[in-house]
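Structure first, commentary second.
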Amino acid sequence: MRRLLLIIFFVIFSFGASYAQKALDKSILWEISGNGLKESSYLLGTFHMVCSADLYVADKVMSAIGAVDQIALEVNLADRNELMSIQELMVSPITLSSQLTEVEKEEFRLLLKKKYALDLEVVDQLPPILVMGMLAMKEISCEVTGYDMEILQIGLSQNKHFIGLERFKDQIEITNQLYTAKEILLQLKEKDSTETSFDSMVVAFNQEDIEALYAMAIDPKSLSEEGKISLLDNRNRAWIKKMLDIMPKKRTLFAVGAGHLAGEVGVIALLKEKGFTVHAILN
């Protein structure tokens, strides 16, 4: 089940991993300047799931929101058309049960009922990413909300303009290619604790330790090399192309999953490769 949680961390996101670059400061907020920019933009690492009681937006983040003209989320959830497309994509044309043998289908049905009190018919027509999210949230004991959703609400209250770096359908297509009903069945049979993994991720996020979050995310036990390339590297590169066009025009706060910030192909490293100065805002 750990993998299910990490996939949600990536989209709606090993401690022994190493890469040849200077250790990054512990901060989820980074200022982007230089390389011809007249005014700074900002990069904010978010957390797609957090216990409501633990939700806290630091003063430095509030200051960054106030300083920018617009906020760029992974997906523009302030756009009604995007929200309508999400509703349409909540039904998959290919059922989960059709991807399984009769034996696997029965095993899937029993595990769903035993572990989550869910009938197969409830999830059968959902895309894999939504099923993963549903199951992961059922294993977390607290009421869950999203840090990025809080940024959305704060921005709306300040009449900020919102844009998206990608579409929800792009996320669905990526995860549909990587994860099948057989993958979900495999995760259901695992014995590790989603809540333990969630707690570790929350601690790292609260400590603003983006390198620890990245290390958890790329643990081979949770994410294959193909998954890393699709869910992290390729999306990071695509976002950078859009950021290069956006930043000279408007001061922007880019709010993306914190697991995307660190690493050799992380957003911070890619921005530096393009000649920008990227430094941590510590307080």
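Per-structure values
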read-out	value
Flag for residue 59 being more than 22 Å from residue 40 (Cβ to Cβ) and of a type in the set (D, E, K, R)	no
Matching residues in the stretch 128-174 - criterion: being over 30 Å from residue 93 (Cα atoms), open to solvent by 50 Å² or more (accessible area, probe 1.4 Å) and modelled with pLDDT under 90	141, 143
Subset of the stretch 136-194 (residues that are over 18 Å from the mean Cα position of the chain (by Cα) and of a type in the set (Ser, Thr, Tyr))	141, 157, 180, 193
Any helices (runs of 4 or more DSSP H) falling wholly within the stretch 175-270 and containing at least 1 residues that are surrounded by fewer than 21 Cβ atoms within 10 Å (Cβ to Cβ) and hydroxyl-bearing (Ser, Thr, Tyr)	194-206
Selection within the stretch 79-120 - open to solvent by less than 70 Å² (accessible area, probe 1.4 Å), at pLDDT below 90 and β-branched (Val, Ile, Thr)	86
Those residues of the stretch 274-283 which are open to solvent by less than 20 Å² (accessible area, probe 1.4 Å) and either modelled with pLDDT under 95 or among the β-branched types (Val, Ile, Thr) (or both), in sequence order	278
Test: residue in the stretch 144-152 that is part of a strand (DSSP E or B), in contact with a strand residue (DSSP E or B) (Cβ under 9 Å, 6 or more places away or on another chain) and more than 23 Å from residue 235 (Cα to Cα)	yes
Selection from the stretch 21-41 of residues that are open to solvent by 20 Å² or more (accessible area, probe 1.4 Å) and either farther than 27 Å from residue 264 by Cβ or touching a strand residue (DSSP E or B) at 6+ places or on another chain (Cβ under 8 Å) (or both)	24, 25, 26, 31, 33, 34, 35, 38, 39, 40
Scan of the stretch 153-167 for residues that are part of a helix (DSSP H, G or I) and touching a helix residue (DSSP H, G or I) at 6+ places or on another chain (Cβ under 9 Å), ordered by number	154, 155
Cβ-Cβ under 7 Å pairs, at least 6 apart or on other chains, the stretch 204-226 side under 19 Å from residue 280 (Cβ atoms) and of a type outside the set (A, V, I, L, M), far side open to solvent by 30 Å² or more (accessible area, probe 1.4 Å) and not in a helix (DSSP H, G or I)	207/26; 208/26; 209/26; 211/23
Odd one out for residue 44, checked against (1) over 20 Å from residue 273 (Cα atoms); (2) open to solvent by less than 30 Å² (accessible area, probe 1.4 Å)	(1)
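For (1) modelled with pLDDT of 95 or more; (2) hydroxyl-bearing (Ser, Thr, Tyr); (3) touching a helix residue (DSSP H, G or I) at 6+ places or on another chain (Cβ under 7 Å), each residue gets a yes or a no:
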position: 225; (1), (2), (3): no, no, no
position: 228; (1), (2), (3): no, no, no
position: 245; (1), (2), (3): yes, no, no
position: 248; (1), (2), (3): yes, no, no
position: 252; (1), (2), (3): yes, yes, yes
position: 259; (1), (2), (3): no, no, yes
position: 267; (1), (2), (3): yes, no, yes
position: 272; (1), (2), (3): yes, no, no
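The values are calculated or read from the model by the stated rules, or taken from the named source; none is laboratory data. Since this is a predicted model, take the numbers as computed values, not measurements. We place every Cβ from the backbone using ideal geometry, glycine too, and count neighbours over all the protein chains shown. Surface accessibility is based on the protein's heavy atoms, side chains included, excluding ligands, DNA and RNA. Shrake-Rupley method; radii C 1.70, N 1.55, O 1.52, S 1.80 Å.
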